[in-house]
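Contents: one structure, followed by commentary.
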Amino acid sequence: SSGINAEYGHVEAYWQYHKIVGDEVGDELMTPEQFEAYKNTVVPERMKNRLYLSWRVGDEGIDCELIGPETMCYCQHRYRQHETDNADKKTSCRNCSCKRYEFCPKNGTQPVRCKCKHYSTEHDARKTCTRCACKALMLTFTCPSCGKPAHQHSTSIETKEERLALGKPVGQDTPYAAMGGLTGFSSLAPGYLRMDPSGALGDCVSRDTSHGLSRDTSSSVSRGASRGAIKGLRGRPPKR
């Protein structure tokens, strides 16, 4: 069992290393001394300059999607493959000519079609179609969280202070790279099911500090309205 524990410790150490360093230093592993120096210099700046990314309509609505390290951009590279967590809000891609991270929605696991009838994955980083004369990607997709067209949405890039000013959750400080808008397990849910201030159900849930439990403080009418709204959204899925 000691051998198994030792192997598990190596795997855990590598996982921690990969999550902290991310894609910033290439494939060559740092020495233990270099890694410690990296954690002492880069990580504090990363935690101070963390960028929170979300996909939504304007500043008043819910965050329809929250961006994490593995979330795809229009350029077909993940958020962790872009510049992240810097004071200048730069999110250009390290692997292509993409100048700014932009969330690319999917219909389930399938890419969404443009008005030119070709998939979003058949457009380049400038959103120009590679199969026809289309010069501007226009998705034919309705957001299941807010019911509005995809082209009315945009990718918001915010600092911790800007996020707090909007009443959105910021979670705890983390040393991990490219965490974006993820602040907890609820961040993985779509906006219409998310039970925190960034989601549609955030107003229906409050924290009972005396018992340490989450409880619904809305009236039965409000609960029914929320369930009805969600049922209505889920009952009209976007066309496949």
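Kindly indicate whether any position in the stretch 136-153 is without any contact (Cβ under 8 Å) to a residue 60 or more places away in the chain, within 30 Å of residue 87 (Cα to Cα), of a type outside the set (Val, Ile, Thr) and not in a loop (DSSP other than H, G, I, E, B). Yes; the residues of the stretch 136-153 include at least one that is without any contact (Cβ under 8 Å) to a residue 60 or more places away in the chain, within 30 Å of residue 87 (Cα to Cα), of a type outside the set (Val, Ile, Thr) and not in a loop (DSSP other than H, G, I, E, B).
Scan 199, 171, 181 and give me the residue that is surrounded by 11 or more Cβ atoms within 10 Å (Cβ to Cβ), touching a strand residue (DSSP E or B) at 6+ places or on another chain (Cβ under 8 Å), at pLDDT 50 or above and not in a helix (DSSP H, G or I).
From the options 199, 171, 181, the qualifying one is 181.
Among the residues of the stretch 1-36, the ones that are at pLDDT below 85 and of a type in the set (Val, Ile, Thr) come to 2 in all.
Residues that are under 26 Å from residue 146 (Cα atoms), surrounded by fewer than 18 Cβ atoms within 10 Å (Cβ to Cβ) and free of Cβ contacts under 8 Å to residues at least 24 places away in the same chain within the stretch 66-93 comprise just one, 70.
For the stretch 71-119, give me each residue that is among the small types (Gly, Ala, Ser) and modelled with pLDDT of 95 or more. Scanning the stretch 71-119 gives a single hit, 92. Once the stretch 79-107 is narrowed to residues that are part of a strand (DSSP E or B) and hydrophobic (A, V, I, L, M, F, W, C), the residue that is nearest to residue 57 (Cα to Cα) is 103.
With the requirement that a residue be under 21 Å from the mean Cα position of the chain (by Cα), open to solvent by 20 Å² or more (accessible area, probe 1.4 Å), more than 14 Å from residue 104 (Cβ to Cβ) and polar (S, T, N, Q), what does the stretch 116-155 give you? The answer is 142, 152.
The values are calculated or read from the model by the stated rules, or taken from the named source; none is laboratory data. Note that the structure is a prediction, hence the values are computed from the model and not measured. Methodologically, a virtual Cβ is constructed for each residue, glycine included, from the backbone with ideal geometry; neighbour enumeration extends over all protein chains shown. These accessible areas exclude ligands, DNA and RNA; they are computed on the full protein's heavy atoms, side chains included. Shrake-Rupley method; radii C 1.70, N 1.55, O 1.52, S 1.80 Å.
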